[in-house]
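One structure is given below, encoded as structure tokens.
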Amino acid sequence: MTPKRKLLFYCQYLLGMGHLVRSMEIVRGLSDFDVRFLNGGQIVPGFELPAEVDLVNLPPIKSDETFSELFAFDDQRSLEEIKQIRAERVLAEYENFRPDVLVIELFPFGRLKFAFELVPLLERARADGGVKVVCSLRDILVGQRDPQSFEERVCQRVNQYFDLVLVHADPQLQSLDETFGGVAKLNCPVRYTGYVTQPAKSDGEASRNPMMLGDETKIMVSVGGGRVGSELIECAIEASDLIAKTHPHRMLIFAGPYPSAEDFQRLQQKAAARPNIRLARYTTDFPAYVERADLSISMAGYNTCMNIVTAGQRAILYPFTRGGNEEQARRAEKLRELGLVEVIYEEQLAPTALAEMALRVLASPKPTATAIDLNGVEKTAQALAEMVSYSCFFDKIFACDLNKR
């Protein structure tokens, strides 16, 4: 039996947990590979990891909500000490594992502050010669203050180190060149995989939660990781009082794994006064909750939006826009143009406005089916398998040619 090829996957998430969720869904589908996963972010309590994936947790690093400054979780060591430890650990894992494929999530299109550990890793992979290097990229990039200089640096690094860029999007909805003007200058192939989605469990936690049972209208509110978005939760709690005047309902709120104990307690106190509202931190069964709800009110992160689209769910999106970040707003507006969601922005956020929008959306039919490509997991696995097979084929030809000389 031919041994599986080895794949080393690097993922660093900073503010939320979307990059981790998407990356884990991808590696779940890589059954043709032995996978080692380098995780650079804070562990999410209760997050379900694939049993077949070898997980390596680096000393975690996070950022502020503007992504301008990095912070170490370890109070006993400085950020510079953590960086040194991580850089050495990343190279040690590479040497120990000796991968055939190296997949790096987002870099060099993002995570530029992690060049301290990624450039040495890329240099090591290139020195090996036979290792295929791939960038795993979401649909939309964050805008830059100096786009031209940024694009030049990205193209230089991609052309120097990478063999393939996988864009986890449908180009009919969102193409890479809409947020990155240097696509034509990339020398390696750029391949669209379709969007990465999470399957909903039919017999998981959501199927047993009393908040999701019965005929009463069910509204679900979520804010991803929870480091930002508490204002949406507070507004939804107050809007619930207005909605209930004409539309009895239950509201289930997921505040995320990351809000502080003080913030979570404050939200709990607000929710506790309303018997129709339940507040929780995090669930591993999120896609199933989206399916079972009558309305989803959430931020506009990649994974949540794909959960909504996959479920064909009524939804109101609240994009994160602080620090000039346009990623979630772009995604939300694309989906609104297709008639799949409604959108409310920070300057519009108020209990009356949210309640009126919720009642309007609840009165409308569920969105009709969309032709968005949602086969990102399968097509990513296919692209990586084809790349390795193609390389192996030509390696054999080259070896045969040498033997004849």
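Worth a mention:
- Evaluated over the Cα positions of the chain, the convex hull gives a direction-averaged projected area, one quarter of its surface, of 21.9 nm².
- Within the chain: Cβ-based charge dipole about Cα centre, in debye rounded to nearest 20 (Lys, Arg +1; Asp, Glu -1): 540
- About its Cα centre, the dipole of the range 205-363 is roughly 280 debye, where the only charges are +1 on Lys and Arg Cβ and -1 on Asp and Glu Cβ.
- Linear extension gain, ASP75 paired with ASP215, 0.36 nm per residue minus alpha-carbon span: 45.5 nm
- Pairs from LYS132/LYS201; LYS201/LYS366; LYS62/LYS379 whose Cα-Cα separation, in the structure shown, is over 23 Å: LYS132/LYS201; LYS62/LYS379
- Segment CYS188-ALA115, length gained on full extension (0.36 nm per residue, minus Cα span): 24.3 nm
- Here's how it looks for GLN42: its modeled amide H is under 5 Å from those of ILE61, which are all 5 or more places away or on a different chain.
- The simple Förster model, with R0 at 35 Å and r as the Cβ-Cβ distance, assigns ARG145 and GLU231 a FRET efficiency of 0.85.
- In Hz, Karplus ³J(HN,Hα) per residue of the range 324-333 (6.51, -1.76, 1.60; θ = phi - 60°; x = Gly, Pro): x, 6, 10, 4, 5, 5, 4, 5, 4, 5
- Listed residues LEU338, GLY225, LEU279: farthest to the positive end of the dipole of the range 205-363 (Cβ charges): LEU279
- Nitroxide proxy distance, nm - points 7 Å out along Cα→Cβ at ARG278 and SER260: 2.9
- Computed from Cα positions, the angle between helix 18-28 and the longest principal axis of the chain comes to roughly 60 degrees.
- The chain: most fluctuating residue of THR197, THR246, THR304 per GNM, C-alpha cutoff 10 Å: THR246
- Distance in nm between pseudo-label sites at ILE43 and GLU386 (7 Å out along the Cβ direction from Cα): 3.8
- Shape call, the range 70-212: gyration tensor on alpha carbons, a/c limit 1.5: oblate
- Helix-derived mean residue ellipticity, 222 nm - over the chain, DSSP H n ≥ 4, -39500 (n - 2.57), to 500: -12500 deg cm²/dmol
- Using a cutoff of 8 angstrom between alpha carbon atoms and counting only pairs six or more residues apart, the relative contact order for the chain works out to 15 percent.
- Segments 96-105, 290-299 sorted - mean Cβ within 10 Å per residue, highest first: 290-299, 96-105
- Additional length obtainable on full extension of the chain from GLN160 to LYS366, 0.36 nm per residue less Cα span: 69.4 nm
- Residues whose placed amide H lies under 5 Å from that of PHE73, excluding near-sequence neighbours: LYS62
- Per-peptide average of other Cβ atoms within 10 Å, ordering 165-173, 340-348 highest first: 165-173, 340-348
- Whether the range 205-363 is rounded, prolate or oblate, judged on the alpha carbon gyration tensor where a/c under 1.5 counts as rounded: rounded
- Selection of trypsin sites (Lys or Arg not before Pro), the range 71-168, meeting DSSP coil and at most 15 other Cβ within 10 Å: ARG77, ARG145
- Annotation for the range 180-225: chymotrypsin sites (Phe, Trp or Tyr not before Pro) lying in DSSP loop with at most 12 further Cβ atoms inside 10 Å of their Cβ do not exist.
- For the range 218-257, the list of trypsin sites (Lys or Arg not before Pro) that fall in a loop by DSSP and count at most 12 other C-beta atoms within 10 angstrom reads LYS245.
- Helix axis angle, 351-363 relative to the chain longest principal axis, alpha carbon, degrees: 80
- Relative contact order (%) - the range 270-355, alpha-carbon pairs under 8 angstrom, separation at least six: 22
Read the figures in this text as sums done on the coordinates, not as results from a lab. If you're wondering where the values come from, they're calculated on a predicted model, not measured in any experiment. Glycine gets a Cβ as well: all are built from the backbone with ideal geometry, and neighbour counts include every protein chain shown.
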